[in-house]
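The block underneath contains the structure these notes are about, expressed in structure tokens.
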Ligand code: ARG
């Protein structure tokens with residue numbers, strides 16, 4: 001609807017000799033508002049009101065004025081305020097009900113939103129990349145992109161050397177069955193702490209890591225075992241959160257391309273030797289902060305995090321030739337990605353678009369990074385358990401829910417809490433607030449959906465031209481925004497547009513529920529309401545699906 005009105009206004013402006021791009025926004029007092037007159041005033045040396053009057057006069061002369069509009073007026077210092085006709089609202093609504101999808105865009109996007117490190121438990125930071133990344137993946141897919149998600153395991157770094165070091169010291173036989181998940185959870189923090197105290201241990205771990213990378217057979221065999229144990233645990237947590245990856249590759253998979261990669265670096269003359277290490281200078285003249293060179297190989301021959309990302313880009317280009325590669329990580333990795341992206345551009349290994357979205361931290365109610373009750377770092381599974389405990393203890397009814405429904409709601413609580421914020425921001429995870437069925441929470445949205453679905457019965461699918469009252473009109477207008485909101489979320493990679501829209505839609509949906517009785521209605525009104533409310537729930541369900549949230553049977 002917005003697009004159509006913008007087109008009509010634009011034509012009128014044009015007919016008066018004004019070549020302007022018209023944008024309208026929803027307005028509190030009328031349906032829409034446009035502020036273009038203010039910017040035009042300067043350009044045309046005229047007052048906003050006088051330009052506006054001429055425009056409005058022309059609009060009223062349009063043949064089909066009353067089909068589209070109830071009123072178009074100049075308000076305040078020069079806003080164009082627009083009220084649309086009921087007929088036009090219903091016409092647009094019918095079109096949207098008939099076709100709520102998006103056309104294919106013929107673009108392939110790779111999304112990198114896993115990044116769990118093998119042999120280390122998933123923490124709350126990994127939760128954010130998974131939730132945000134899966135939502136962006138769903139949104140892009142829904143809006144016509146071909147998406148490929150890659151978990152990109154951290155499986156070739158120092159932690160692998162540390163765990164192998166631990167195993168070699170703890171076990172005589174590396175096939176020992178007690179090398180299991182519990183053991184891995186213990187050994188990594190132990191050796192990592194030891195490395196901080198003892199340089200000899202650290203050097204040995206570094207050496208093991210390098211030899212592992214270079215193909216040492218004993219280390220490779222152990223490495224494979226560690227990966228298998230750890231990855232199956234990682235998979236089960238992702239499954240719980242309905243987070244899926246098309247590719248289960250890791251940093252290690254890019255290793256076989258390093259020779260080719262370094263040859264390109266040499267051919268393009270982008271790599272330098274500095275104190276024995278190989279580096280790519282990536283600073284640019286207009287940098288506001290110092291961007292240090294991207295180190296691609298250490299003086300001892302070992303490769304680094306940046307090397308694996310460059311190798312992976314090279315590999316992705318070769319295998320999938322994506323138009324875009326999107327990374328979703330903690331915002332502390334900003335510098336790393338700046339270096340990698342620039343090194344990539346300089347060496348011309350990839351000519352598509354590289355995008356990094358850095359998210360903020362999840363804080364506790366004390367506004368410090370989220371901790372467990374006993375003050376330890378919050379592992380992802382601890383968080384899931386705490387939310388479950390809180391939700392179940394909230395009401396007796398919750399305790400009696402099926403375990404599937406409880407899991408669905410726990411997902412909704414965690415995901416909606418996260419996705420309602422602009423991803424760049426830190427946010428406070430207040431468990432009792434987010435479990436509540438009142439407020440801007442996952443349970444509130446689910447409750448609204450279930451409440452409205454109880455009202456629905458069958459309808460003939462033909463919407464009349466009537467609108468029955470203000471709240472009905474408000475709901476229909478809001479529904480007309482759904483498509484644009486998804487499009488914006490897709491273009492800007494911002495799931496919170498969808499979460500916020502969903503909340504606003506549900507607030508209106510609840511007012512509708514409270515002020516309109518479905519019983520005792522005449523047949524026509526009831527049919528219309530049925531169509532509008534069924535579509536409302538279709539929109540809620542679709543948008544929740546984009547955020548990775550399912551709907552419970554009851555709550
Ligand atoms: N494994 C990394 C970490 O836990 C995250 C990886 C993100 N993805 C990437 N392509 N660098 O910090």
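Coordinate-derived values only; no laboratory data. Because the structure is predicted, anything quoted here is derived from the model rather than measured. Positions of Cβ are backbone-derived with ideal geometry, glycine not excepted, and every protein chain shown enters the neighbour counts.
Once both labels are positioned 7 Å from their Cα atoms along Cα-to-Cβ, the gap between residue 29 and residue 518 label points is 3.7 nm. Helix 86-98 and the longest principal axis of the Cα set of the chain meet at an angle near 40°.
Every pair of different Cα atoms in the range 1-136 enters the Kirkwood calculation, which places the hydrodynamic radius at 18.4 Å. Angle of helix 2-15 to the longest C-alpha principal axis of the chain, folded into 0 to 90 degrees and rounded to 10: 60°.
Rg of the Cα atoms in the range 338-398, relative to 2.2 N^0.38 Å, amounts to 1.93.
Peptides 313-321, 445-453 ranked from most to least packed give 445-453, 313-321, packing being the mean of other C-beta atoms within 10 angstrom over each peptide's residues. Distance from the alpha carbon centroid of the range 373-435 to that of the range 68-108 works out to 37 angstrom.
Shape annotation for the range 205-315: C-alpha extents along the principal axes are 47, 35, 24 Å, from largest to smallest. Shown for 554, 53: other C-beta atoms within 10 Å of each C-beta, ranked fewest to most, produce the order 554, 53. Going by alpha carbons, how many degrees (0 to 90, nearest 10) lie between the helix axis of 124-142 and the longest principal axis of the chain? The angle comes out at about 50 degrees.
Note on 359, 429: ascending count of other Cβ atoms within 10 Å places them as 429, 359, the fewest first.
Built from the Cα atoms of the chain, the convex hull projects on average onto 32.4 nm², one quarter of its surface area.
Could you grab the relative contact order for the chain? Cα pairs under 8 Å, six or more apart, rounded to a whole percent. Reported relative contact order: 14 percent.
Counting only Cα atoms, the range 438-539 measures 44, 29, 23 Å along its principal axes, largest extent leading. For the range 150-200, the Kirkwood hydrodynamic radius comes to 11.9 Å, computed from all pairs of different C-alpha atoms.
Convex hull of alpha carbon positions in the range 232-296: directionally averaged projected area 8.1 nm². Spatially, the range 178-193 and the range 202-217 are offset by 18 Å when compared through their Cα centroids.
Among 532, 507, 84, a tally of other beta-carbon atoms within 10 Å of each Cβ gives an order, fewest to most, of 507, 532, 84.
Rounded to the nearest 5, what % of DSSP beta bridges with both residues in the chain are antiparallel?
In the chain, approximately 50 percent of DSSP beta bridges are antiparallel ones.
Every helix of 4 or more DSSP H residues in the chain counts as -39500 (n - 2.57), and over all residues that averages to -17500 deg cm²/dmol at 222 nm. The fraction of all Cα pairs in the range 486-555 landing in successive 10 Å bins from 0 to the largest distance is 17, 42, 28, 11, 1, given as whole percents. Were the residues from residue 456 through residue 484 laid out at 0.36 nm apart, the gain over their Cα-Cα distance would be 7.5 nm. Relative to the 2.2 N^0.38 Å rule of thumb, the range 146-260 has a C-alpha radius of gyration ratio of 1.14. Write down Rg/Rh for the range 94-197, rounded to two decimals, with Rg from the C-alpha atoms and Rh from the Kirkwood relation over Cα pairs. Taking Rg over the Kirkwood Rh, I get 1.24.
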